[in-house]
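Structure first, then comments.
All of the numbers you see were taken from the coordinates with simple rules; none came from a lab. Not measured: the values here are computed from a predicted model. Cβ placement follows ideal geometry from the backbone for every residue including glycine, while neighbour counts extend to all protein chains displayed.
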Amino acid sequence: MSLSRWDYLVVGHVTQDRLPDGSLTPGGTAAYAARTARALGLRTAVLTSADDSLDLSAVLPDIEVYRIPAPKSTVFENRYTSDGRVQFLHARAAPLTPDAIRGARFILRTAILHLGPVARECDPALTDHIRADFLGLTPQGWMRRWDGAGRVTPGPWEEAEEWIPRADAVVLSEEDIGGDEALAARWAARTRLLALTRGARGCSIYIGERVWHLPAFPAREVDPTGAGDVFAAVFFARLWQGDDPVQAARRANCVAAVSVTRPGLSGTPTPEEVVRCFENHQDTKTQR
């Protein structure tokens, strides 16, 4: 990675997601968010860990990548049932810690820092070593536990009370918090801005004790994987670029709706789709 200041730096594992036929396809918050940030026209970089078999240049075209070597890439399997998603973690790459980046020949300086763990791999202390103007958190990976068989279940985010106040914005889903609206409200009171995504029902934006509920844009859903990461990337970027939170969320809702109409990473938006969403986002009405 060259000596540079980035517009958008996302930290997290680029994963290999196991499909029903046993094949693997790349994914993870880092991949979805970085590709979305690039479609927004931002100079984008990724700090990740993966084994050498994962071709990150193909997964993340026109994006700078710093790879921490690992014997295995992180491998997830998502099974969608009538009762929701059942997830398994089959392998995990190296943790992303201050020690892992110490001595690297690059300067981690960025406008937006997005910590996007998927398997508890991101040490929040990285924020003390990466200079950023805006800190965005998608904490789902800190809220996951897994058993000996790899089955993933929700767990507490022990560091929440320490790290949420440091963030400029936090994005999480109803699934992440097990539908605990009181928890979302409590965390929202501790941070500047919190967005709770609700899938096909849109999202809620918490600013202190005030809440705005924004409906989703209509879409023919093919694959919902990564939609929350796409939302977060647009939301963080537009906040940094000067949108008010409701306007940023409307735009993020629109781009996220585009993302569910195609499978996997092919759902990440094109620059043209971003432009269309931004031109039409005023069509959505805010509900208080």
Difference of contour (0.36 nm per residue) and Cα-Cα distance, D21 to R151 | 44.9 nm
Okay, which of segment 190-228 sit inside 11 Å, backbone N to the point 7 Å along the Cα-Cβ direction of R166?
-> none
Ratio for segment 4-283, C-alpha Rg to 2.2 N^0.38 Å, reads 0.92
In a Gaussian network model over the chain where Cα atoms closer than 10 Å are linked, find which of P61, P165, P215 has the largest mean-square fluctuation.
-> P61
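Calculate for the chain the 222 nm mean residue ellipticity that helices alone would give, adding -39,500 (n - 2.57) per DSSP H run of length 4 or more and normalising by residue count, nearest 500 deg cm²/dmol. Before the final figure, lay out each step's value.
Numbers: 8 runs with 70 residues, N = 288.
Mean residue ellipticity, 222 nm, calculated: -7000 deg cm²/dmol.
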By count of other Cβ within 10 Å, fewest leading, how are S259, S173, S23 ordered?
-> S23, S173, S259
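Using the membrane-span-like helix rule (whole DSSP H runs, Cα extent along the own axis of at least 18 Å, mean Kyte-Doolittle hydropathy at least 1.0), which helices of the chain qualify?
Working: long enough: 227-240 (20 Å, 1.32); 245-259 (21 Å, 0.38).
Helix filter hits for the chain: 227-240.
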Beta bridge orientation in the chain: antiparallel %, DSSP, nearest 5 | 45
Check the cysteines of the chain one by one and keep only those with no other cysteine Cβ under 4.7 Å from their own.
-> C122, C203
So if we plug the beta-carbon distance of A219 and D244 into 1/(1 + (r/R0)^6) with R0 = 22 Å, what FRET efficiency do we get, rounded to 0.05?
-> 0.35
Report the FRET efficiency, 1/(1 + (r/R0)^6), for D99 and T270, where r is their Cβ-Cβ distance and R0 is 30 Å, rounded to 0.05.
-> 0.20
Sort R120, R251, R145 so that the residue with the fewest other Cβ atoms within 10 Å of its own Cβ comes first and the one with the most comes last.
-> R145, R120, R251
Would you calculate the separation in nanometres between label points at H90 and K72, each defined as 7 Å from the Cα along the Cα-to-beta-carbon direction?
-> 1.0
FRET efficiency estimate (nearest 0.05) - Cβ-Cβ, D62 to R201, R0 35 angstrom = 0.55
